[in-house]
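The values are calculated or read from the model by the stated rules, or taken from the named source; none is laboratory data. All figures in this text were calculated on a predicted structure; none of them were measured in a lab. Cβ: placed from backbone, ideal geometry, glycine included. Neighbour counts: every protein chain shown.
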C-alpha cells in the first residue's frame, strides 16, 4: 500500500524525515524515497529499491547527500516515488498513496487532448504518481488540481507535495479512506500517515485531516486550503490488520481495538459453547496476536505463543509480489515451541483469512509438530470482495478469495445471491461455508468475527467506515 512522512522547519529536517519515513516500512517493501528543498540547492531526490534491504540501510548515507529545512519521504509498494515535476505550477516533488483503477482511461484522455507523453516503465506501464501530477497540472493552482485529480480518480489518492518555495501541501483522499495527521514542534510542522512516527520525533498532534481536506504547512503556520467533506469511509483494515499497533486513527488506538475485537469473539464463542477443551489461545503472528490476547483475557484460557516468527533476516511475508514467495517466506519464519504444541488443543486467532494458502501450511506445520487439534478464528468477517480502494485483499479474480471460492464450489454462480447468508454463522449456508473450509484446511473449528462485532470494536460511526470487502457496500 504505502505511507508517507514530511516535515518543514526552521532547522534541517532530513533526520526527522528519514526516521519518520522509516517508521512506515510496515506498509510496503518495494520502493523508498526522499525529496528535500534547500534554498541554495533547490529540490533534491533519492529513490532506492528496498525489496531485499531495509529503508534504513539503503538511505544511511542520506545525511551526506541531502539537506534542507523541508522534506518528504515515501514507502511505496509499487511505483518509485517521490517524483520531481516541473510544470506551469512550478517545480515540486510529489508522492501519492492509494490506488488508481481507471489509470488507462485517464492516460488515454490526457494524451488525446494534450499531445504530450509519459515516461513508460517496463511493459509500458505509467508511474501512477506521474499520472496524478499530470492531472494536477491541468489546473491553475495546486488546490484546484488536487481536487480535480481526486474527482477523476476511481480509487484512492492521498497526496503529499513539496513545493519549490519550501512549503508542503498535504491532501487526504476524498473519502478519507487513509489517515493524514499534522504534528507540531517548536520549530515547525510535520505530516504523517502513522501517528506514532511523529510522536517518537517529538512532535505533538496538531490536526487530523478530514476527508478531502487540503492543508499547506510552512515552518511558521498551517493553512487550510480546502475544507473537509462531510462523508468519510476510512478503511476498517487499518485497525484489524495493516495499521501499526501503536498508531491511533480517528481517536481509536489499533492495539486497544484489537483487544476489544478479540474479547467480542470470545464472548460470541462462550455464548455458543465453543470454549470447552481448549488448552491455549494464540495469535497468528504478528497482527493476530493482540486479537488473541483480547480473546484469552475474556475467555480465561491461557495465552501462549506455540510458534514464533523468526524475523531478523526475513522480509514481511505479506508483501512479496509472487504468492509462492510469500508462502515460502512464511514457512521459513515459523519456529515451533514443542512443549506448547504437542498433544495440545490449540485455538489461533488470525487478523483475516483472505486466500488461506499460508494458513493451511501453518496448520499443517502445527499438526506435524504434534498438535492434537487446531481451531481457527478470523478477527474479521469472511472477505467476499477484492478491495477497489487500496492494495489490501486485491485479487485478479474474486475466486482467489477463499470464501468466494468455497461458495462457488458449493452452489455455482448463484451463490453470490446468498452472500449475506454465507456470512451469517446461524444459517445453513453459513454453517456449510465454515464446515467446508475446515475440511479443506484441517481446522477443528472455524469462526469469523461478525460485521457488527468489528464495527463495535472500532467504536466509530458505522457510516464512517469502509466495509466493502465484507459486504460490498461502497
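The set of residues in region 224-249 being over 15 Å from the mean Cα position of the chain (by Cα) and either farther than 19 Å from residue 390 by Cβ or surrounded by 18 or more Cβ atoms within 10 Å (Cβ to Cβ) (or both) consists of 224, 225, 226, 227, 228, 230, 232. Selection of region 262-289 for residues being part of a helix (DSSP H, G or I) and farther than 9 Å from residue 349 by Cβ yields 263, 264, 266, 267, 268, 269, 270, 271. What pairs come up if the first residue lies in region 289-306 and is within 15 Å of residue 269 (Cβ to Cβ) and outside the structural domain of residue 371 (by TED's automatic domain parsing), the second is modelled with pLDDT of 95 or more and not in a loop (DSSP other than H, G, I, E, B), and their beta carbons are under 8 Å apart, counting only those six or more places apart or on different chains? Qualifying pairs under 8 Å: none.
Check off (1) buried (at least 17 other Cβ atoms within 10 Å of the Cβ); (2) at pLDDT 95 or above; (3) at negative phi for residue 305 and give me the number that stays unchecked. Every condition holds for residue 305 apart from (1). Of the residues 73, 42, 68, the single one that is in the same structural domain as residue 86 (by TED's automatic domain parsing), surrounded by 16 or more Cβ atoms within 10 Å (Cβ to Cβ) and at positive phi is 68.
Residues that are in contact (Cβ under 8 Å) with a residue 60 or more places away in the chain, over 22 Å from the mean Cα position of the chain (by Cα) and surrounded by fewer than 23 Cβ atoms within 10 Å (Cβ to Cβ) within region 146-164 comprise 147, 163, 164, listed in sequence order.
Taking the numbered list (1) in a helix (DSSP H, G or I); (2) within 21 Å of residue 154 (Cα to Cα); (3) touching a helix residue (DSSP H, G or I) at 6+ places or on another chain (Cβ under 7 Å) in turn, residue 112 passes all entries but (3).
Is it the case that region 70-79 has a residue that's out of contact with any helix residue (DSSP H, G or I) (no Cβ under 6 Å at 6 or more places or on another chain) and assigned to a helix (DSSP H, G or I)? Show your work before the answer.
Quick first cut of region 70-79, residues out of contact with any helix residue (DSSP H, G or I) (no Cβ under 6 Å at 6 or more places or on another chain) only: 70, 72, 74, 76-78.
After this cut, where a residue has to be assigned to a helix (DSSP H, G or I) as well, the list is none.
Looking through region 70-79, none of the residues is out of contact with any helix residue (DSSP H, G or I) (no Cβ under 6 Å at 6 or more places or on another chain) and assigned to a helix (DSSP H, G or I).
Residues satisfying the criterion are absent from region 363-370 (criterion: modelled with pLDDT of 90 or more, in a loop (DSSP other than H, G, I, E, B) and under 19 Å from the mean Cα position of the chain (by Cα)).
Out of all the residues in region 82-96, is one or more in contact (Cβ under 8 Å) with a residue 40 or more places away in the chain, in the same structural domain as residue 189 (by TED's automatic domain parsing), over 29 Å from residue 37 (Cα atoms) and not in a strand (DSSP E or B)? Checking region 82-96: not a single residue is in contact (Cβ under 8 Å) with a residue 40 or more places away in the chain, in the same structural domain as residue 189 (by TED's automatic domain parsing), over 29 Å from residue 37 (Cα atoms) and not in a strand (DSSP E or B). If only residues of region 86-109 that are over 28 Å from the mean Cα position of the chain (by Cα) and over 19 Å from residue 161 (Cβ atoms) are counted, the one that is surrounded by the fewest Cβ atoms within 10 Å (Cβ to Cβ) is 108. Taking the criterion of being surrounded by fewer than 19 Cβ atoms within 10 Å (Cβ to Cβ), at pLDDT 85 or above and outside any helix (DSSP H, G or I), the only residue of region 387-408 that qualifies is 388.
Once region 110-129 is narrowed to residues that are touching a residue at least 12 places away in the same chain (Cβ under 8 Å) and touching a strand residue (DSSP E or B) at 6+ places or on another chain (Cβ under 9 Å), the residue that is surrounded by the fewest Cβ atoms within 10 Å (Cβ to Cβ) is 118. Among the numbered conditions (1) in contact with a strand residue (DSSP E or B) (Cβ under 6 Å, 6 or more places away or on another chain); (2) under 22 Å from residue 470 (Cα atoms), the only one that residue 373 does not meet is (2). Of the numbered criteria (1) buried (at least 22 other Cβ atoms within 10 Å of the Cβ); (2) in contact with a strand residue (DSSP E or B) (Cβ under 6 Å, 6 or more places away or on another chain), the one residue 29 fails is (2).
Does region 54-67 contain at least one residue that is more than 25 Å from residue 125 (Cβ to Cβ) and part of a strand (DSSP E or B)? No - not one qualifying residue is present in region 54-67.
Under the condition of being farther than 21 Å from residue 456 by Cα, surrounded by fewer than 23 Cβ atoms within 10 Å (Cβ to Cβ) and at pLDDT 95 or above, the residues counted in region 278-302 number 6. Among the conditions (1) touching a helix residue (DSSP H, G or I) at 6+ places or on another chain (Cβ under 6 Å); (2) part of a helix (DSSP H, G or I); (3) without any contact (Cβ under 8 Å) to a residue 24 or more places away in the chain, the only one that residue 48 does not satisfy is (2). In the set (1) closer than 27 Å to residue 275 by Cα; (2) buried (at least 17 other Cβ atoms within 10 Å of the Cβ); (3) at pLDDT below 95, residue 443 fails one condition alone, (3).
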